[in-house]
Amino acid sequence: MIFPLMKKRSKFYLSGILYMVQASIAFSVMALCVKTVSRWLPSLEIVFFRSLFGTLLILTVMIAKKVPLLGQQRRLMFFRGLSGFAALSLFFYTISKIPLGTAVLLNYTSPIFAAILATAFLGERPSRLLTGMILTAFLGVYFLVEGQFPDWNIYVLFGLLSAFFASIAYVLIRAVKHRESPLTIIFYFTGISTLGSLFYLPFGFVWPNPKAWLALIGVAIGSFFGQLWLTISLRRAPASLLGPFSYVTPLLTFLYGIVFFGEIPTVFSAFGAFLIILGGSLISLSETKKHTASAKKRKEEF
């Protein structure tokens, strides 16, 4: 009896990993299309079209499945949507200004900030191991940036800020994920991002050319399937198992940068990327195990 259950669980875990890899590929395609379309359109206009298309797709699915639009935890989901909009806007702007792989990897430092936020606001004392992993990841950021830029510039700061706001969004998602449909959570994000970026359009709208429209469609499709497959993967396997596979996205974007834009990383940058991926993966593993143990302890108390 035990072996069939273990076999079933391993199949579920394997399918979760496959969905995470698919999600990572989809997000990398989205980033490539953002970099491409930023040749012709301002970054906030790209945010608008990406969010508008995403909202329409999500609404179609929600209406078909009769999922409530507003949900129950409206205040938390509003702030999740707001922080997600800030992260997305800064992320797309950073992609338009610095090498693609570097911009994406800076955004993928969000687990570091999530761990710091948990320490600062949830009163969680970090272990020496966690502190070491955070320092390792930040050392990776130093090598990544030093290897590509003669001086630290504002775009690096924007990239790190995008990760910071993304970490806030992830913490809020964790607070509501068992009480709200994933579709409702995504709807708040895309809806607020559409409205937020809409205010910019009167001041800098550029009508997309045919190539830009194709790239925008790629942005919308990549982000939609990335979010969908990410949600499925997290329901099939533990986040601690899936975390390292999410870094397929920055690895692919470094490859895209070399092939499509001639962005060759230096040895220092490659070493920095390795440290960030190592630190981020181990932080995700440590944090997931900690929350799993905490949840198990609360369950035993009841």
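Looking at the structure I just gave you, is ALA175 in a helix (DSSP H, G or I), under 27 Å from GLY196 (Cα atoms) and modelled with pLDDT under 90? Yes.
Can you name the residue in segment 144-159 that is among the aromatic types (Phe, Trp, Tyr) and within 22 Å of the chain's Cα centre (by Cα) and is also modelled with the lowest pLDDT among such residues? Result: TYR155. Restricting segment 65-114 to residues that are free of Cβ contacts under 8 Å to residues at least 40 places away in the same chain and part of a helix (DSSP H, G or I), the residue that is surrounded by the most Cβ atoms within 10 Å (Cβ to Cβ) is ARG74. Could you tell me whether THR60 is surrounded by fewer than 23 Cβ atoms within 10 Å (Cβ to Cβ), free of Cβ contacts under 8 Å to residues at least 12 places away in the same chain, hydroxyl-bearing (Ser, Thr, Tyr) and not in a loop (DSSP other than H, G, I, E, B)? Yes: the conditions hold for THR60.
All conditions in (1) touching a residue at least 40 places away in the same chain (Cβ under 8 Å); (2) assigned to a helix (DSSP H, G or I) hold for GLU180, with the sole exception of (2).
For segment 46-57, check the following and say yes or no: at least one residue is at negative phi, surrounded by fewer than 17 Cβ atoms within 10 Å (Cβ to Cβ) and either touching a helix residue (DSSP H, G or I) at 6+ places or on another chain (Cβ under 7 Å) or not in a loop (DSSP other than H, G, I, E, B) (or both). Yes: segment 46-57 contains one or more residues that are at negative phi, surrounded by fewer than 17 Cβ atoms within 10 Å (Cβ to Cβ) and either touching a helix residue (DSSP H, G or I) at 6+ places or on another chain (Cβ under 7 Å) or not in a loop (DSSP other than H, G, I, E, B) (or both). Of all the numbered requirements in (1) crowded, with 21+ Cβ neighbours inside 10 Å; (2) among the small types (Gly, Ala, Ser); (3) over 18 Å from LEU275 (Cβ atoms), ALA137 misses one, and that requirement is (3).
Within segment 1-41, if we keep just the residues that are farther than 20 Å from LYS97 by Cβ and polar (S, T, N, Q), the residue that is modelled with the lowest pLDDT turns out to be SER10. With at pLDDT 85 or above and part of a helix (DSSP H, G or I) as the only criterion, which of LEU130, LEU117, LEU135 stands out? Of LEU130, LEU117, LEU135, the one residue that is at pLDDT 85 or above and part of a helix (DSSP H, G or I) is LEU135.
The values are calculated or read from the model by the stated rules, or taken from the named source; none is laboratory data. Small disclaimer: the values here were computed from a predicted structure and weren't measured. Positions of Cβ are backbone-derived with ideal geometry, glycine not excepted, and every protein chain shown enters the neighbour counts.
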